[in-house]
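Remarks on the structure that follows.
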Amino acid sequence: MMSLRSLKHVLRGATAVALSFYSGMAFADSAPGAEADTRPELIKRGEYLFRAADCAACHVAPKGGSLTGGRPFVLPFGTIFAVNITPDKQTGIGNYTDSEWLKMLREGVGRGGKHLYPVMPYTAYTLLSDADALAIKAYLFSVKPENVPAPQNKLYFPFNQRWSMIFWNWLNNPNKRFQPDPAQSEQWNRGAYLTEALGHCSQCHTPRTITYGLSSKAYAGAVQVGWRAYNLTSDKQHGLGGWTDEQLTSYLSTGKASGKGAASGPMAEAVEHGLRYMTQADIAAMVTYLRSLPPIAEGPVAQVMSPQADHALSDVARRGQGLFAQACAGCHLSDGRGRQSEWAALAGAHSVSDPAADNLVQVLRSGTALETGQGRVFMPGFSKAYTEEELAAIASYVLAHFGNTQTDIKPSAFKN
Amino acid sequence: MRFDLKVNNVLREVDVPPDMPVLWVLRDILGLTGTKYGCGVAQCGACTVHLDGQPVRACLLTVAAAAGHDILTIEAIEHTETGAKVQQAWLDEEVIQCGYCQSGQIMAATALLQQIPQPTDADIDEAMAGNICRCGTYVRIRKAIHKAASHEA
Amino acid sequence: MKRKNLPTSRRALLGAALSGGGGFLLSAFLPGLPLLKASQAQDTATGVVFMPNAFIRITPLGAVTLIMRYAEMGQGIYTGISMLLAEELGVKLDQVSVEAAPADPAYVDSVAGEEETGGSSSTRDSWIPLREAGAAARMMLVAAAAQIWGVAESACQARDGRVFHPGSERSLSYGELAEAATHQPVPAKVSLKPASDFTLIGTSPRRLDTKAKTNGSAQFGIDAQIPGMKIGRIMACPVKGGHLTGYNRAAALAVPGVVDVVTLPDAIAVIGEHMWAAMKGMEAAFPQWDYGPNATTSTDDIIARMKKASEQSGVVAVKNGNAQEALKQAHERIDAVYELPFLAHAPLEPINTTLHIRPDGADVWVGTQVPGRARQEVADATGLRPENIAVHNHLIGGGFGRRLDSNSIGQAARFAKQVSYPVKLIWTREEDMTQDQFRPYYYDRISAGLTKDGAISGWHHRTTGSSVTARWYPEGMQKGLDPDAVEGAAQTPYGMPDQLVEFVRDEPDAVTTLWWRGVGPTHNVFVVESMIDELAHQSGQDPLALRKKLAAHQPRALKVLNEVEKQSGWGKALPPGHGMGIALHYSFQTWSATVLEVAVEKNGSIRLVQVHSAVDCGPIVFPDGIVAQIQGGLIFGLTMALYNEITLKDGRVEQTNFHNYRMMRLNEAPDIQVHLVPDPEAEIGGIGEVGTVAAAPALANALFAATGKRLRRIPFAKQLGGEKA
Ligand code: FES
Ligand code: FES
């Protein structure tokens, strides 16, 4: 069922958006400080693409509101902060010319030759067409400029040397535009462009190499910033092979699918800021593309289990059972069907049959939130009131009860 | 937006935002203040109502999700056989102190007994652990549920 | 906070009790019957009403209404007070209805010195006067009947709402007598029934307030519905001392259902047709703050300063003998630091006030423990005269001290006077939690010694913390000593020939403090009773036996100790991991001894197995009410002892709702057996806070028995984590 809110956006998208994706149109560069392109259709299309590219997920200020950046990304080599992407001339992107913009977005080289750190998914955006990249710029130049400097990045040597990124780029960034595959349908190609160039899904769902580039095991799943991005390949057990088209469509556009649980953490943000604004046609195209990913049997198995009888519970899980009844069952229901909302359903979610419990741990510890057509759904973090042992017990119970996964999660998983 | 809500067997039309929780529709639009606000985040159970016989937290149940379903609140629970027994057991055992949590407690206990007429202590733990009573009436809640169950036969 | 014209008895009384060395001087402060003024017959829409005093109204139709000067917060006071009145008035409980008193000096509680429900004083302060009020009314009704029949008053009897003349088998109902009774003089002297004649007092009738609480019809403050009323959500600056710098007015007003945005220097309210509009409107308003001077304060800063302050000596509360010298001579000696956290009250009903403020007067619908203060707050906020402000008191969804604060009512009034319509202003749970006035943090240094044969040899207790009295009731301060801060420490049940108790006042800037269930004793009894336990274990004595030895001069202490020893099976063999702990205390004129059994798993999880509590509160009015209060009070205190602390980071309170300020749940609650061992001759004691006082020390001592780990800092649960232990 489509919510009204997304329906509104679908309609807006359908009437106003005509994607010129992967067209190699030439452009005339703008001068620094030149009047921004303010054609309303262009700005509207830029907004749609901005959402499809999920820029807001990173660049919205942590306290909400504007696109002034400041969100920290704690990575193995230090902490990087998202920058201000409002058109402020001092602290934002107000001085970018069109060609500088394209260079930044696609090669990771900012104004004045500063290399961007690869948290910015320019290795995906490099696939964008000129027209789409510039539409995004036009949209960003239409928002209110705000003077908010980004905090200083904190990185360890040698990563605090921006020039080291040159080598990284050389290793990892092919700097190529998207090329449609004539052997595939138009829908597939469109899905590929949306998934690869705009959605940059592979940035999270593909394992990283030693130089933090993407490995060749495309979409086999990976752990990023503590959250597991699941295997999206068509493998039946580990990936999306067991999902129906309806489930996939619903998950992408609303963040939940019946029998498959709900998106949380970074995926919830991707849905909230990007995917839920996309047209049904575009979502369908992405589904077509994702379906074609060759299966890779890797990562936790996703199994749909009916809730297990409790006699097999370990002592730890049994302790978790009582705690679940206190703090969790109010929303999730003891059979995991969810109660207040479909987003609270646990049964069938990939996270409840992942013995490493990465996402369970994250969500119990820090909570998650998702803006939906039916309002904001959220779960608060529970680490302030419950001990590490208790949180581990809850996680163990959830795995055993809803995922038939018998494993005692270690309290240390909840250490900060 | 307009929604048709079936509350305590009466059809009520309300014109509210779709994401408005049923809690506030009941209290502020329909004037049914027996359902209480305690936390707004499904942690306390004070707002418990029945949705098609299932206990739900009205503070997070949107009106859009509830439309078309049967909503039963504390104001009408006495018209169910189990609910009346629970209310009586609550009085007989003198469960109540400030009473603010008790609408939710009674709704949760009634749902439990409707599903499991003779609950064990473990069943009671599971069904009632989500309802906070700040006055600490838990000992008597357990007793009252057993008492109501003994009348169920 | 300015306070005018408050009678000075509340804390002065406490002081008297503390320095009086034994008997509490309550009776000296009882005002007799100053309130007993026969009102003139008053014509109302329903005709003549018999109002012999401020507490009783009887109409010719026979309706008996008892006016409740105390707020019903779940403690059962409506029932207890009605029993006192009805016993002497001669009516059955099911013949009366009760009504909350308005703000009026006629309803001052003489222990508190104002119209207040708190300090477990309600029954204590009503025991004599309200029975006298009932008796006086009965005498006037009897006199009226005797006059009508032309018989002697002594030949008449009153019961069940009628006056009988057995000689002639005639009777008249109170309703029929109402008008004639208004012409009777108020008796100059009343005599009360002997306890042996009680038919109500000492029984457990059904509570008067509960039926409405089973079917949703009970009206709490938050349920007020006034025609034309709007509903607002308040947000104050998250850091104390900061102020509002801006907000998005247009965005807030654009939210469907939002009707107004009003501001104060340090807070903002979004008003809507319903609470949801107000909540969404607040999100859209996105208020901006200057956090002010406390913007970087954390709890650690507050504690560090307190710790430093605790190194200096303080105001002396008690000095007997020479504690320092005795400690030097001691055979065994323990020096310890105990710490108690800031605590939120977290009653289940969040703060709310409904007001209609007009140029010529105001109505206020609220549940408050202090209606007089509430009225004064609204007067101060609006410039209206107090007599033009009507406070309609409501049922309270849990008080615990929270609704002794009337500042929230003043805040609401400053918002409400900016609009013309009635408005209900609600604090969200998050607002209630973070903007609470917290129970103070206490940093207690204590040294105690034992002689070779196990008597106390030196006791030095120095408590450091905020003074609630100094802010809330400055008249109660005694030359810099806050009697509340040392209540339960200055006087202990034990013989302490060499005792020094001091108070160091250290006020945290970033936090406002307030009374919390059990007040001083909840703090000090934890320290004292833990310390006695430490001494027992250090000297190889049984903790219960040591208490009996040290309190041998207190027969009522021995009585509750013996009772709880017997009932709990103290000393019996326990399964591995189990332990029993005991706490003894005398607070609010009530003696209690509590034994708690706990089980600690290898992973550190704590299970509360069983509690036995023996209670002697003097004469008993409402036995089941006492049991309920002890049970609930223990759960309240155990919740705190296991889980609760309020912490600050960057000046903000970190706990926001029940997911991070944890409440005990039904599946953790132990069985609690309460054993009443009354003393009909003693002065009547309070009961609402007694259970809470016993909880933390009984639990700490049980945890020591189970694990050998002495926990000197509340809360306990996170200190026993398996991996860390
Ligand atoms: S108000 Fe809904 S669960 Fe607390
Ligand atoms: S009776 Fe007061 S919260 Fe339960």
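The values are calculated or read from the model by the stated rules, or taken from the named source; none is laboratory data. Just so you know, these numbers come straight off a predicted model, no measurement behind them. Backbone-built Cβ (ideal geometry, glycine too); neighbour counts: all protein chains shown. With ligands, DNA and RNA removed, areas are computed over all heavy atoms of the protein, side chains included. Shrake-Rupley method; radii C 1.70, N 1.55, O 1.52, S 1.80 Å.
Below, the figures for the structure above:
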| item | result |
| --- | --- |
| Filter pass, B:PRO21 being within 12 Å of ligand 1 (Cβ to nearest atom), within 20 Å of C:ARG233 (Cα to Cα) and in contact with a Phe, Trp or Tyr (Cβ under 8 Å, 6 or more places away or on another chain) | yes |
| Filter result for C:ALA195 (free of Cβ contacts under 8 Å to residues at least 24 places away in the same chain and either β-branched (Val, Ile, Thr) or open to solvent by 30 Å² or more (accessible area, probe 1.4 Å) (or both)) | no |
| Search result, residues across the stretch C:240-269 that are crowded, with 18+ Cβ neighbours inside 10 Å and either part of a helix (DSSP H, G or I) or within 14 Å of chain B (Cβ to nearest Cβ) (or both) | C:ALA252, C:VAL255, C:GLY257, C:VAL258, C:VAL259 |
| Within the stretch B:135-153, considering residues that are outside any helix (DSSP H, G or I) and either open to solvent by 10 Å² or more (accessible area, probe 1.4 Å) or touching a residue at least 40 places away in the same chain (Cβ under 8 Å) (or both), the one nearest to ligand 2 (Cβ to nearest atom) | B:THR137 |
| Filtered residues of the stretch B:116-134 (kept if part of a loop (DSSP other than H, G, I, E, B) and away from ligand 1 (no atom under 16 Å from the Cβ)) | B:ILE116, B:PRO117, B:GLN118, B:PRO119, B:THR120 |
| Any hit, the stretch C:212-220, residues being within 14 Å of chain B (Cβ to nearest Cβ), within 16 Å of ligand 1 (Cβ to nearest atom) and in contact with a helix residue (DSSP H, G or I) (Cβ under 6 Å, 6 or more places away or on another chain) | yes |
| Positions within the stretch C:126-162 being closer than 29 Å to C:MET68 by Cα, without any contact (Cβ under 8 Å) to a residue 24 or more places away in the chain and of a type in the set (A, V, I, L, M), in sequence order | C:VAL142 |
| So C:SER447, is it small (Gly, Ala, Ser), open to solvent by 10 Å² or more (accessible area, probe 1.4 Å) and either in the same structural domain as C:VAL519 (by TED's automatic domain parsing) or closer than 27 Å to C:ASP533 by Cβ (or both) | yes |
| All helices (runs of 4 or more DSSP H) inside the stretch C:497-581 with 1 or more residues being closer than 26 Å to C:HIS331 by Cα, touching an Asp or Glu at 6+ places or on another chain (Cβ under 6 Å) and free of Cβ contacts under 8 Å to residues at least 12 places away in the same chain | none |
| Matching option when the condition is assigned to a loop (DSSP other than H, G, I, E, B), over 21 Å from C:GLY76 (Cα atoms) and open to solvent by less than 10 Å² (accessible area, probe 1.4 Å), among C:LEU711, C:LEU699 | C:LEU711 |
| Selection status of C:ARG414, assigned to a helix (DSSP H, G or I) and open to solvent by 10 Å² or more (accessible area, probe 1.4 Å) | yes |
| Single condition C:GLY722 does not satisfy, out of (1) within 14 Å of chain A (Cβ to nearest Cβ); (2) crowded, with 21+ Cβ neighbours inside 10 Å; (3) modelled with pLDDT under 95 | (2) |
| Residue satisfying all of: in the stretch C:224-239; outside any strand (DSSP E or B) and β-branched (Val, Ile, Thr); most open to solvent (accessible area, probe 1.4 Å) among these | C:ILE226 |
| C:GLN499 vs. criteria open to solvent by 20 Å² or more (accessible area, probe 1.4 Å) and either modelled with pLDDT of 95 or more or more than 30 Å from C:GLU99 (Cα to Cα) (or both) | no |
| Failed item in (1) in contact (Cβ under 8 Å) with a residue 40 or more places away in the chain; (2) within 10 Å of chain C (Cβ to nearest Cβ), with B:PRO55 passing the rest | (2) |
| Residues located in the stretch C:445-474, provided they are touching a residue at least 60 places away in the same chain (Cβ under 8 Å), out of contact with any Lys or Arg (no Cβ under 7 Å at 6 or more places or on another chain) and of a type in the set (D, E, K, R) | C:LYS452, C:ARG471 |
| Enumerated helices (runs of 4 or more DSSP H) restricted to the stretch A:276-376, each holding at least 3 residues that are crowded, with 23+ Cβ neighbours inside 10 Å | A:280-291, A:315-327, A:358-366 |
| Of all residues making up the stretch C:401-437, the number that are outside the structural domain of C:THR368 (by TED's automatic domain parsing) and small (Gly, Ala, Ser) | 0 |
| Qualifying helices (runs of 4 or more DSSP H) (wholly inside the stretch B:7-115; at least 1 residues being buried (at least 23 other Cβ atoms within 10 Å of the Cβ) and within 16 Å of ligand 2 (Cβ to nearest atom)) | B:81-92, B:102-115 |
| Residue list for the stretch C:458-489, restricted to those being open to solvent by 10 Å² or more (accessible area, probe 1.4 Å) and over 30 Å from C:ALA236 (Cβ atoms) | C:HIS460, C:ARG462, C:GLN478, C:LYS479, C:GLY480, C:LEU481, C:GLU487, C:GLY488 |
| Exclusive hit being among the aliphatic types (A, V, I, L, M) and out of contact with any Phe, Trp or Tyr (no Cβ under 8 Å at 6 or more places or on another chain), set B:ALA84, B:ALA67 | B:ALA84 |
| Test: residue in the stretch C:174-192 that is in a strand (DSSP E or B) and more than 14 Å from every other protein chain (Cβ to nearest Cβ) | no |
| Qualifying residue in the stretch B:77-85 (condition: within 7 Å of another protein chain (Cβ to nearest Cβ) and either touching a strand residue (DSSP E or B) at 6+ places or on another chain (Cβ under 6 Å) or under 17 Å from B:LEU113 (Cα atoms) (or both)) | yes |
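Every residue, every condition in (1) more than 16 Å from ligand 1 (Cβ to nearest atom); (2) over 16 Å from C:ILE77 (Cα atoms); (3) among the small types (Gly, Ala, Ser); (4) in contact with a Leu (Cβ under 9 Å, 6 or more places away or on another chain), yes or no:
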site	(1), (2), (3), (4)
C:ARG170	yes, yes, no, no
C:GLU176	yes, yes, no, no
C:LYS193	yes, yes, no, no
C:SER196	yes, yes, yes, no
C:THR203	yes, no, no, no
C:LEU208	yes, no, no, yes
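Residues are listed down the side, and each one gets a yes or a no for (1) more than 14 Å from every other protein chain (Cβ to nearest Cβ); (2) among the β-branched types (Val, Ile, Thr); (3) under 26 Å from C:TRP427 (Cα atoms); (4) under 22 Å from the mean Cα position of the chain (by Cα):
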{"position": "C:LYS566", "(1), (2), (3), (4)": "yes, no, no, no"}
{"position": "C:CYS617", "(1), (2), (3), (4)": "yes, no, no, yes"}
{"position": "C:VAL621", "(1), (2), (3), (4)": "yes, yes, no, yes"}
{"position": "C:ILE626", "(1), (2), (3), (4)": "no, yes, no, yes"}
{"position": "C:GLN629", "(1), (2), (3), (4)": "no, no, no, yes"}
{"position": "C:GLY633", "(1), (2), (3), (4)": "no, no, yes, yes"}
{"position": "C:ASP650", "(1), (2), (3), (4)": "no, no, yes, no"}
